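Encoded as C-alpha cells, the structure appears first; notes follow it.
The values are calculated or read from the model by the stated rules, or taken from the named source; none is laboratory data. Source: prediction; values computed, not measured. When we count neighbours, we look across all protein chains shown, and the Cβ atoms used for this are built from the backbone with ideal geometry, even at glycine. Keep in mind that these areas ignore ligands, DNA and RNA; they rest on the heavy atoms of the full protein, side chains included. Shrake-Rupley method; radii C 1.70, N 1.55, O 1.52, S 1.80 Å.
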Amino acid sequence: MSKVYLALQDNDISRYIVEAIEEDNPGVTIIHNPAMIRIENEGTLVVNRETVEEKLGRDWDVQELHLNLITLGGNVDEDDERLSLSWNA
Amino acid sequence: MAANKLNLKDKYRLLTRDLDWEFSYQERKKAFPFEEFEGIKITDWSKWEDPFRLTMDAYWKYQAEKEKKLYAIFDAFAQNNSQLNVTDPRYINAIKLFLTAVSPLEYQAFQGFAHTGRQFGGVGARVACQMQSIDELRHVQTQIHAMSHYNKFFDGFQDWSHMHDRVWYLSVPKSFFDDARSAGPFEYLVAISFSFEYVLTNLLFVPFMSGAAYNGDMATVTFGFSAQSDEARHMTLGLEVIKFLLEQHEDNVPLVQKWIDKWFWRGAQLLSIVGMMMDYMLPNKVMSWKEAWGVYFEEAGGALFKDLARYGIRMPKYVEQVQTEHMSHQLWWTMYTHGHATGFHTWIPTDEEMDWLSEKYPETFDKYYRPRWELAKQMEAEGNRFYTKALPQLCTTCQIPMLFTEVDDPTQLSFRDTVYHGERYHFCSDGCRDIFHEEPEKYVQSWLPVHQIFQGNCGGPGVEQVLSEYYGMNLGADNLDIKGSPDEQRWNRWKGVA
Ligand SMILES: [Fe+2]
Ligand SMILES: [Fe+2]
Ligand SMILES: [Zn+2]
C-alpha cells in the first residue's frame with residue numbers, strides 16, 4: 001500500500017486538527033518540520049468534521065481545512081462530514 | 001426562519017453545473033474551437049469530478065480570510081524590521097532569484113488558466129480553471145508585496161519583471177511557461193496542473209519554504225504557504241484532469257503519456273534551480289535536494305504512478321536520467337563562475353557547508369565538487385576570484401547552459417545535437433533532444449539569450465552594456481561575489497560588525 005499524506009501550517013488551529021486526525025487514524029505518522037506538520041498514513045487518511053469540532057470546541061466547516069493546508073497526496077474526496085485521501089493501488 | 005443549509009454536493013451542482021447553457025444561434029464547436037485540436041476525445045463532460053466542490057461564494061470567503069492573515073504577517077514583519085532577523089545576507093539572494101525566476105511564472109499561470117479555462121466545453125473544468133486563474137494572480141501580487149520590503153534594503157530587486165523577459169538564466173523558467181501556454185488547452189493542463197503542480201511543485205514550495213522559515217524569513221514562508229494552500233486545490237485539479245482524460249477515451253492514453261514524459265523532463269530540469277537554492281543558497285538547511293527529491297518525487301510520485309497504472313500510464317520516461325546527485329553542484333558552480341552576469345550574489349560554500357554537502361552527497365561531493373571549491377578558494381585567496389570570460393552554450397529546448405554531465409560519467413559534459421532544415425541545434429540531454437524532435441517547428445523559434453546577444457539583439461557591443469543597459473542590472477551592486485558587495489557592507493553596518 002502506498003502512503004497518502006497531508007501537510008498543514010504549524011499553527012494553533014492545526015494543532016487540534018492533527019489531534020483529531022491522530023484519534024481517527026490509528027498508526028498515522030506525524031512529522032514536524034520548520035513551520036509545518038506533515039501527516040502520513042498507509043493507504044488512507046480521513047479528517048472528520050465531528051472530531052475536529054470536538055477538539056476545537058466550536059463549529060468547523062470541512063472547507064476551513066483549506067486555510068491551513070499546505071499540500072496533500074492521494075485521491076481526494078470531500079463532503080460536509082469529512083475529507084478523505086486514498087490510493088487505489 | 002433560516003432555510004435549511006444546502007449540502008455541499010447540491011450547492012456545487014446549483015452554483016457550478018447549472019451555470020452552463022445551451023447554444024441556440026452558434027454551433028458548440030465554434031464556441032470551443034480548440035477542444036478537438038490536439039486529438040483528445042471527450043465524450044461526456046458531465047463525468048468531470050471536482051472533489052473539493054468549491055463554489056464561488058465559499059471561494060471568496062476563504063480566500064479573503066487567507067489574505068487577511070497573510071497581510072497581518074507582512075505588516076508585523078515590516079514593523080519589526082524583520083529583514084534583520086534572517087540568518088545572513090547570503091540568504092536574501094535566494095529570494096532575489098525567487099522574485100525574478102518564480103513570481104513571474106505565477107503571472108504566466110494566471111494568464112494560462114484564464115485562457116485555457118475559456119476553451120473547455122465542460123462547465124466544471126471552466127470554473128476550476130477560473131478559480132485557479134484568480135489564485136495565481138493572488139500569488140504573484142502577494143509575492144511582489146512581500147518582497148517589496150526587501151527591495152528597500154537590498155540590491156537586485158528593482159526590475160524583476162524586465163529582467164525575467166531578458167536575462168540569460170531567467171529564460172529557463174520563462175520559456176517553460178511560454179512553451180506550455182502556446183500548447184493546446186489539454187496539453188497545458190497536463191503540463192501545468194498535473195506534471196508541474198501535482199508531481200513537482202511540492203519540491204519548490206514545501207521544503208524550500210520550510211527552509212525560509214528556518215532562515216528567519218517569516219514573510220516568505222507565509223506567502224509560500226498561503227500560495228500552497230491554494231496549491232492543494234490545484235494539485236487535485238491536476239490529478240482529476242488526468243483521470244478524466246484517461247477515462248473519457250482510450251485514444252487519449254498515448255497522448256497523455258507523451259505529455260507527461262515531456263513535461264516531467266522539462267520540469268525536472270527547471271527545478272535544478274530549486275535544488276541549487278536548497279543546497280547552496282540557504283545558510284540554514286532543512287534537507288538536501290536529493291532528500292527532497294526522495295520524499296516528494298520518488299515516494300509521492302511512486303505512489304501516484306502506481307495508482308495510475310490501471311489506466312495504462314507508466315512512470316515518466318527519462319526518470320532515470322534525473323541526476324539529483326549532481327545537478328545542484330553543477331548549477332551553482334556555473335552561477336559562481338558567471339557571477340559577474342547574475343542579478344544576485346554568489347559565493348564559495350563555507351567549510352561547514354562543504355562538510356554538510358559531503359554528508360548529504362557521500363558518493364559525489366568529495367570526489368567531484370569539493371576539489372573545485374578548494375581551487376576557487378585558493379584563487380580567491382590569491383586575489384584572483386574566478387569569473388569565466390565565455391558566454392555559455394544553451395540547450396535549445398530547456399535553455400539551460402550545457403552544464404550537466406553524462407548520466408554514466410560525471411566528468412563528461414552531456415551534449416546532444418540534431419540537424420533540422422540545414423541548421424544544427426544543441427541539447428543538454430536525450431530528453432530535451434527528443435522533445436525537439438516531436439515539435440521542431442516550435443523549438444526552432446526559441447529565443448535563446450546567448451544567440452540573441454551574438455546577433456546584436458540585446459544591445460552591446462560588450463557584455464557590460466548588455467548587462468547594465470539591456471538587462472537593467474546595477475553593475476557592482478547587483479552582481480559579483482557577496483564578499484565586498486554593498487549588500488554585505490550594509491548588513492555589517494546594521495549588525496555593528498563593520
Ligand atoms: Fe501559484
Ligand atoms: Fe498553482
Ligand atoms: Zn535541455
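Per the Debye calculation on region B:1-156 with a single equal scatterer at every Cα and no solvent contribution, log₁₀ I(q)/I(0) for q = 0.10, 0.13, 0.15, 0.21 Å⁻¹ amounts to -0.56, -0.80, -0.93, -1.35. Please list, or write none, the aspartates and glutamates whose alpha carbon is within less than 19 Å of the alpha carbon of B:LYS96, excluding same-chain residues fewer than 8 places away. List returned: B:ASP88, B:GLU106, B:ASP155, B:ASP159, B:ASP165, B:ASP217, B:ASP279, B:ASP478, B:ASP481, B:ASP487, B:GLU488. With a threshold of 31 Å on the Cα-Cα distance, the over-threshold entries among B:LYS243/B:LYS290; B:LYS41/B:LYS262; B:LYS9/B:LYS66; B:LYS152/B:LYS360 are B:LYS152/B:LYS360.
Ignore the peptide's own chain and count Cβ atoms of other chains within 10 Å of each Cβ in A:75-82; give me the average, rounded.
6
For the pair A and B, how large is the buried accessible area, both sides, in square angstrom to the nearest 100, if the probe is 1.4 Å?
3100 Å²
A helix-only calculation puts chain B at -15500 deg cm²/dmol for mean residue ellipticity at 222 nm, using -39500 (n - 2.57) for each DSSP H run of at least four residues, averaged over all residues.
Across the accessible surface of region A:3-86, with the other protein chains kept in place and a 1.4 Å probe, carbon and sulfur atoms take up 41 percent. For the set B:LEU403, B:LEU475, the ranking by accessible area, highest first and with no ligand, DNA or RNA atoms included, is B:LEU475, B:LEU403 under a 1.4 Å probe.
Taking amide hydrogens as placed 1.01 Å from N in the peptide plane, the amide H of A:THR44 sits under 5 Å from those of A:VAL4, each at least 5 positions away in sequence or on another chain. Among the chymotrypsin sites (Phe, Trp or Tyr not before Pro) in region B:21-77, those located in a DSSP loop and surrounded by at most 12 other Cβ atoms within 10 Å of their own Cβ are B:TRP21, B:PHE23, B:TYR25. For A:MET36, the residues whose amide H sits under 5 Å from its own are A:ASP10, ignoring neighbours fewer than 5 places away on the same chain, with H placed 1.01 Å from N. Just the number, please: percent antiparallel of the DSSP beta bridges in the protein assembly as shown, rounded to the nearest 5. Percentage antiparallel, nearest 5: 95. Cβ-Cβ distance of B:GLU359 and B:THR411, R₀ of 25 Å, FRET efficiency by 1/(1 + (r/R0)^6): the value works out to about 0.65. Placing R0 at 56 angstrom, the Cβ-Cβ distance between B:LEU84 and B:GLN130 gives a FRET efficiency of 0.85 after rounding to 0.05. The candidates B:LYS262, B:LYS9, B:LYS47, A:LYS55, arranged from most to least accessible area with a 1.4 Å probe in the full protein assembly, appear as B:LYS47, B:LYS9, A:LYS55, B:LYS262.
For region A:3-86, what is the charge dipole size about the Cα centre, in debye to the nearest 20, if Lys and Arg each add +1 at the Cβ and Asp and Glu each add -1 at the Cβ?
Roughly 420 debye, rounded to the nearest 20.
Accessible surface computed residue by residue for region A:3-86, with neighbouring protein chains in place and a 1.4 Å probe, gives 38 Å² per residue. Coordinate range of the alpha-carbon atoms in chain B per principal axis, descending: 77, 65, 45 Å. Using the alpha-carbon centroid of each, what span in Å lies between region B:151-215 and region B:15-29? Computed from Cα coordinates, the inter-centre distance equals 35 Å. Placing unit charges on the Cβ atoms only, positive for Lys and Arg and negative for Asp and Glu, gives region B:216-362 a dipole magnitude near 520 debye about its Cα centre. Computed from backbone phi with θ = phi - 60° and the Karplus coefficients 6.51, -1.76 and 1.60, the 3J(HN,Hα) list for region B:319-327 is 4, 6, 8, 6, 9, 5, 6, 10, 4 Hz; x is used for glycine and proline.
Lys and Arg at +1, Asp and Glu at -1: add these up for the other residues within a Cβ distance under 14 Å of B:SER175 and post the number. Charge balance near B:SER175 sits at +2. The phi-based Karplus calculation (6.51 cos²θ - 1.76 cosθ + 1.60; θ = phi - 60°) puts the 3J(HN,Hα) values of region A:11-21 at 8, 4, 5, 4, 3, 6, 5, 4, 4, 5, 5 Hz, whole numbers, x for Gly and Pro.
Placing unit charges on the Cβ atoms only, positive for Lys and Arg and negative for Asp and Glu, gives the protein assembly as shown a dipole magnitude near 1060 debye about its Cα centre.
How many percent of all Cα-Cα pairs in region A:3-86 sit more than 17 Å apart? Roughly 39 percent, once rounded to a whole number. Per atom type, chain B shows carbon and sulfur on 52% of its accessible surface, probed at 1.4 Å. Near the amide H of B:THR405, within less than 5 Å, lie the amide hydrogens of B:SER414, all on another chain or at least 5 residues away, with H placed in the peptide plane.
What the Cβ-Cβ distance of B:ASP366 and B:LEU6 gives, at R0 = 45 Å and to the nearest 0.05, is a FRET efficiency of 0.10.
With bins 5 Å wide beginning at 0, the percent of Cα pairs of region B:183-304 falling in each bin runs 2, 11, 19, 22, 19, 12, 8, 5, 2, 1, 0. Each residue of the protein assembly as shown gets 170 Å³ once the volume of the Cα convex hull is shared out per residue.
Peptide B:227-237 is shielded by partner chain Cβ atoms: per residue, an average of 4 of them sit within 10 Å of its Cβ.
Cα centroids of region A:13-89 and region B:438-463: 49 Å apart.
Using θ = phi - 60° in the Karplus curve 6.51 cos²θ - 1.76 cosθ + 1.60, the 3J(HN,Hα) couplings for region B:92-105 round to 4, 5, 5, 6, 4, 5, 4, 5, 7, 9, 9, 4, x, 6 Hz; x is entered for Gly and Pro.
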